[in-house]
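**Q** Please find one structure pasted underneath; my questions will follow.
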Amino acid sequence: MQQEQAKQQNKINNIVIVGGGTAGWMTAATLAKILGKNYCAIRLIESDQIGSVSVGEATIPQISLFNKILGIDENDFVKKTSATFKLGIEFIDWTKNGGAYMHPFGEHGTNMDAIQFHHYWLKMHQQGKSPDLEEYSLAAVAARQGKFIRPQNMGNSPLSKINYAFHFDATLYADYLRDYAIERGVNRTEAKVVDVSLRDSDGFIDSLLLEDGERVTADLFIDCSGFKALLIEGALKTGFDDWSDVLPCNRAVAIPCLAKETEVLHPFTQAKAQKAGWIWRIPLQHRVGNGYVYPSKFVSDEAAVKILIAQMEGEPIGEPNFLRWTTGVRKKAWHKNCIAIGLSAGFVEPLESTGLHLIQSSIAKLMALFPHQGFNQIDIDTFNAQSKTELEYIRDFIVLHYKATDRDDSEFWRDCQKLQVSERLQAKMALYQANGRIYRQDNELFNETSWLAVMHGQGLTPSGYHPLVDALPEDEIERRLKHIHSVIQKSVATMPMQKDFIAKYCKA
Ligand SMILES: Cc1cc2nc3c(=O)[nH]c(=O)nc-3n(C[C@H](O)[C@H](O)[C@H](O)COP(=O)(O)OP(=O)(O)OC[C@H]3O[C@@H](n4cnc5c(N)ncnc54)[C@H](O)[C@@H]3O)c2cc1C
């Protein structure tokens with residue numbers, strides 16, 4: 001009985017989240033759902049004066065799991081956030097000869113005799129006997145035709161394996177999650193945090209001072225204050241690992257525009273390389289999100305706006321939103337009684353739409369390692385070690401796009417070729433270039449399909465392929481590849497256009 005009481009007294013009774021951007025509201029919504037109304041008090045403090053970055057609009061398929069945990073009705077969510085569906089990312093002009101390739105969600109072909117599909121394709125492609133890899137991806141073929149459908153319950157058909165994500169309006173998404181969290185008991189305060197006090201005894205955060213003089217205490221503080229990192233860095237001075245040497249883009253400007261009336265509503269994000277940096281295009285139901293990610297070393301803010309507007313398909317419908325950051329990660333995302341989630345924990349640029357996923361992943365780790373007031377150091381160390389590994393793999397995958405290119409038409413791209421990338425990335429590239437081998441390691445976010453799509457798309461070519469491919473007669477490989485190709489084309493032919501799908505189920 002006494003033991004039970006002690007446990008109760010030691011439990012976390014108050015959580016305060018600082019920041020009401022996407023990170024703050026994703027965290028608040030999940031805590032409210034999982035902890036319920038009675039476990040502890042959850043309060044979120046956000047400042048309208050400061051505002052949020054409001055640019056995280058493209059996601060990856062893991063977000064479906066987040067929606068499932070919250071029990072979100074997907075059609076309702078798509079309507080309310082003016083969302084569209086996403087089957088991958090199209091990369092344009094990332095190599096010397098221009099052109100475009102797709103990083104699709106979902107696999108290429110299907111594995112045969114326990115050997116990855118792409119080895120069979122490599123053998124035939126090296127002999128000029130097979131079309132490009134993309135033709136064997138249902139997601140890529142459907143995306144290019146503007147088609148979309150949710151996975152169908154159809155046995156072995158590629159239609160049963162459709163993997164998708166969303167593009168949505170970041171402001172509407174934060175509003176959606178805010179309503180969700182408040183309905184489930186989260187207490188919202190509109191106020192500016194002006195000071196943070198630490199406990200003398202152990203350096204933990206003791207309280208926050210709000211502009212109106214209120215002092216706010218809590219057992220656990222979650223820092224979702226964005227690039228400011230008000231608690232984790234401002235107060236706790238946790239330190240930062242700077243990755244600017246491998247990811248040179250450190251600025252962005254975002255400007256929305258209206259879509260052309262003839263817009264097909266393609267279900268993919270576009271990333272178009274420039275002389276320095278790249279431009280994103282994110283199609284939503286009511287507008288198109290555009291942004292230029294650039295290195296301040298080569299492009300001024302004024303030039304960036306001009307470059308972006310010149311490539312937009314419609315008139316701007318908002319003022320330029322400038323964003324600045326130093327690429328890298330907090331040395332410890334969890335320190336003492338404070339956990340940084342979102343941009344306060346660090347940022348690698350948005351080329352592969354990983355920002356919101358990292359928030360989701362931090363929340364998942366927090367739930368798995370949820371503390372009591374005693375805070376076990378081993379839990380904290382585990383959280384930090386896992387976060388670091390996860391981010392390093394994502395960083396390497398993004399660096400791959402800059403490193404593995406033959407573009408040399410500007411100082412920016414010539415610098416990229418000289419990037420000193422991690423040993424792990426060097427090894428991955430070398431392994432692929434030898435015999436096309438690719439491994440997913442340490443439960444990293446991006447799987448073999450993603451690495452293959454980008455390494456192939458960026459122009460890396462293996463000198464060989466898996467030797468066991470030769471165990472299958474060549475005409476049999478050719479027959480199977482033709483069959484897979486034909487099944488994909490026929491399956492896509494049965495899919496509706498995304499525009500029609502949305503009109504039927506989830507029009508904003
Ligand atoms: C250029 C760019 C493009 C991106 N594109 C994508 C993408 O396509 N896909 C993706 O997944 N991610 C993307 N991201 C990342 C994504 O935008 C962020 O991960 C996400 O928006 C979370 O931001 P945040 O909530 O951490 O910070 P913010 O949105 O900056 O929110 C910070 C919050 O803290 C509050 N705050 C700050 N200081 C105080 C204070 N003193 N008192 C009270 N409140 C305070 C603010 O009011 C605000 O509510 C992108 C990021 C950038 C920079």
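**Q** Quick one: if you stick a label point 7 Å off each Cα along the C-beta vector at residue 161 and residue 478, how many nm between them?
**A** 2.5 nm
**Q** Can you tell me the alpha carbon radius of gyration of region 247-346 divided by the globular rule-of-thumb value 2.2 N^0.38 Å? Working shown, then result.
**A** On the way: Rg = 16.1 Å, N = 100, 2.2 N^0.38 = 12.7 Å.
Rounded to two decimals, the normalised Rg is 1.27.
**Q** Further, regarding this structure: Over what distance in Å are the Cα centres of region 345-407 and region 146-161 separated?
**A** Each part's Cα centre sits 31 Å from the other's.
**Q** First measure r as the distance between the Cβ atoms of residue 11 and residue 272, then evaluate 1/(1 + (r/R0)^6) with R0 = 56 Å and state the FRET efficiency to the nearest 0.05. Don't skip to the end; give the middle numbers.
**A** Details: r = 51 Å, r/R0 = 0.91.
The formula returns an efficiency of 0.65 here.
**Q** For the chain, calculate the relative contact order in percent as a whole number, restricting contacts to Cα pairs under 8 Å that are 6 or more residues apart. Could the numbers behind the result be given before it?
**A** Details: 954 pairs, mean separation 113.5, N = 508.
It comes to 22 percent, rounded to a whole number.
**Q** Now, a different point. How much length would be gained if the chain were fully extended between residue 259 and residue 183, taking 0.36 nm per residue of separation minus their Cα-Cα distance, in nm to one decimal? List each step's numbers first, then the result.
**A** Values: separation 76, 0.36 × 76 = 27.36 nm, distance 3.43 nm.
The span from residue 259 to residue 183 would gain 23.9 nm if fully extended.
**Q** Per DSSP H run of n ≥ 4, the term is -39500 (n - 2.57); total these for the chain, divide by its residue number, and report the mean residue ellipticity at 222 nm rounded to 500 deg cm²/dmol. Let's see the in-between values first.
**A** Working: 15 runs with 179 residues, N = 508.
About -11000 deg cm²/dmol.
**Q** Sequence neighbours fewer than 8 away in the same chain don't count; with that in mind, list the aspartates and glutamates whose C-alpha is under 19 Å from residue 161.
**A** The reachable aspartates and glutamates, counting only those whose Cα sits under 19 Å from residue 161, are 74, 107, 134, 135, 448.
**Q** Give me the 1.4 Å probe accessible area per residue for region 260-301, excluding ligands and nucleic acids, in Å².
**A** Per-residue accessible area for region 260-301 comes out at 36 Å².
**Q** Would you mind getting the accessible area per residue of region 442-490, heavy atoms of the protein chains only, 1.4 Å probe, in Å²? The partial results should precede the final answer.
**A** Values: 2450 Å² over 49 residues.
Per-residue accessible area for region 442-490 comes out at 50 Å².
**Q** OK, next. With the crude spin-label approximation of a point 7 Å out along Cα→Cβ, what separation in nm comes out for residue 490 versus residue 315?
**A** Output for this residue pair reads 5.0 nm.
**Q** With θ set to phi - 60° and the Karplus curve 6.51 cos²θ - 1.76 cosθ + 1.60, what are the ³J(HN,Hα) couplings of region 150-160 in order, to the nearest whole Hz, using x for Gly and Pro?
**A** 6, x, 9, 7, 9, x, 7, 4, x, 5, 8
**Q** Taking the Cα atoms only, what angle lies between the long axis of helix 474-493 and the longest principal axis of the chain, rounded to 10 degrees?
**A** That works out to roughly 60 degrees.
**Q** Moving on. Using the Karplus curve 6.51 cos²θ - 1.76 cosθ + 1.60 with θ = phi - 60°, what ³J(HN,Hα) values do you get for each residue of region 408-420, in whole Hz, with x for Gly and Pro?
**A** 9, 8, 7, 4, 4, 6, 5, 4, 4, 5, 8, 4, 8
**Q** Enter the accessible area per residue of region 321-369 (Å², integer; probe 1.4 Å; all protein chains in place).
**A** Numbers: 1360 Å² over 49 residues.
That works out to 28 Å² for each residue.
**Q** Please give the contour-minus-distance gain from residue 145 to residue 364: 0.36 nm per residue of separation, less the Cα-Cα distance, rounded to one decimal in nm.
**A** Residue separation times 0.36 nm, minus the Cα-Cα distance, leaves 75.3 nm.
**Q** Excluding residues fewer than 8 places away in the same chain, name every one of the lysines whose C-alpha is closer than 30 Å to that of residue 336.
**A** Candidates past the 8-residue exclusion: 7, 11, 33, 37, 192, 228, 237, 365, 388.
**Q** Okay, next question. Amide H to amide H, which residues 5 or more places from residue 373 or on other chains are under 5 Å from it, using H placed in the peptide plane?
**A** It is 11, 12, by chain and number.
**Q** Place the peptides 273-285, 303-315 in order of packing, highest mean first, counting for every residue the other Cβ atoms within 10 Å and averaging per peptide. Write down the numbers at each step before the final one.
**A** Details: 273-285: 21.6, 303-315: 14.9.
Packing proxy ranking, top to bottom: 273-285, 303-315.
**Q** Something else about it: Counting Lys and Arg as +1 and Asp and Glu as -1, what is the net charge of the other residues whose Cβ lies under 12 Å from the Cβ of residue 52?
**A** Local charge sum for residue 52: -1.
**Q** Quick one: Karplus J couplings for region 56-61, per residue in order, coefficients 6.51, -1.76, 1.60, θ = phi - 60°, nearest Hz, x for Gly and Pro?
**A** x, 10, 10, 10, 10, x
**Q** Which net charge results for the neighbourhood of residue 266, defined as the other residues with beta-carbon distances under 14 angstrom from its beta-carbon, given Lys and Arg at +1 and Asp and Glu at -1? Walk me through the numbers before you get to the answer.
**A** Numbers: positive: 86, 144, 147, 260, 272, 281, 499; negative: 90, 263, 313, 500.
My count for the surroundings of residue 266 gives +3.
**Q** Measure off, as a whole percent, the carbon and sulfur share of the 1.4 Å-probe accessible area of the chain, all protein chains present.
**A** The C+S portion of the solvent-accessible surface of the chain is 49 percent.
**Q** Could you name the lysines in cross-link range of residue 96, using Cα to Cα under 30 Å and dropping any fewer than eight places away on the same chain?
**A** Cα-Cα hits under 30 Å: 86, 123, 129, 147, 260, 272, 275, 297, 306, 403, 418, 428.
**Q** Please give the net charge around residue 450, taking every other residue with its beta carbon less than 13 angstrom from that of residue 450, where Lys and Arg add +1 and Asp and Glu add -1. Write down the numbers at each step before the final one.
**A** Working: positive: 428, 440; negative: 107, 352, 396, 444, 448.
Result for the neighbourhood of residue 450: -3.
**Q** Let me ask something additional. Report the antiparallel proportion of the DSSP beta bridges in the chain as a percent, rounded to a multiple of 5. Present the calculation step by step, with values, prior to reporting the outcome.
**A** Values: 48 of 68 bridges.
Looking only at bridges with both residues in the chain, the antiparallel portion is about 70 percent.
**Q** State the Cα centre-to-centre distance between region 12-61 and region 426-472 in whole Å.
**A** 39 Å
**Q** Can you give me the long-range amide H partners of residue 207? Hydrogens built in the peptide plane at 1.01 Å from N, cutoff under 5 Å, separation of 5 or more residues or another chain.
**A** Under 5 Å from the amide H of residue 207 lie the amide H atoms of 197, each far enough along the sequence or on another chain.
The values are calculated or read from the model by the stated rules, or taken from the named source; none is laboratory data. The structure displayed is predicted, hence computed values, not measured ones. Reconstructed Cβ throughout: ideal geometry from the backbone, glycine too, with neighbour counts over all protein chains shown. Ligands, DNA and RNA are stripped out before the accessible areas are found, and what is left, the full protein with its side chains, is counted by its heavy atoms. Shrake-Rupley method; radii C 1.70, N 1.55, O 1.52, S 1.80 Å.
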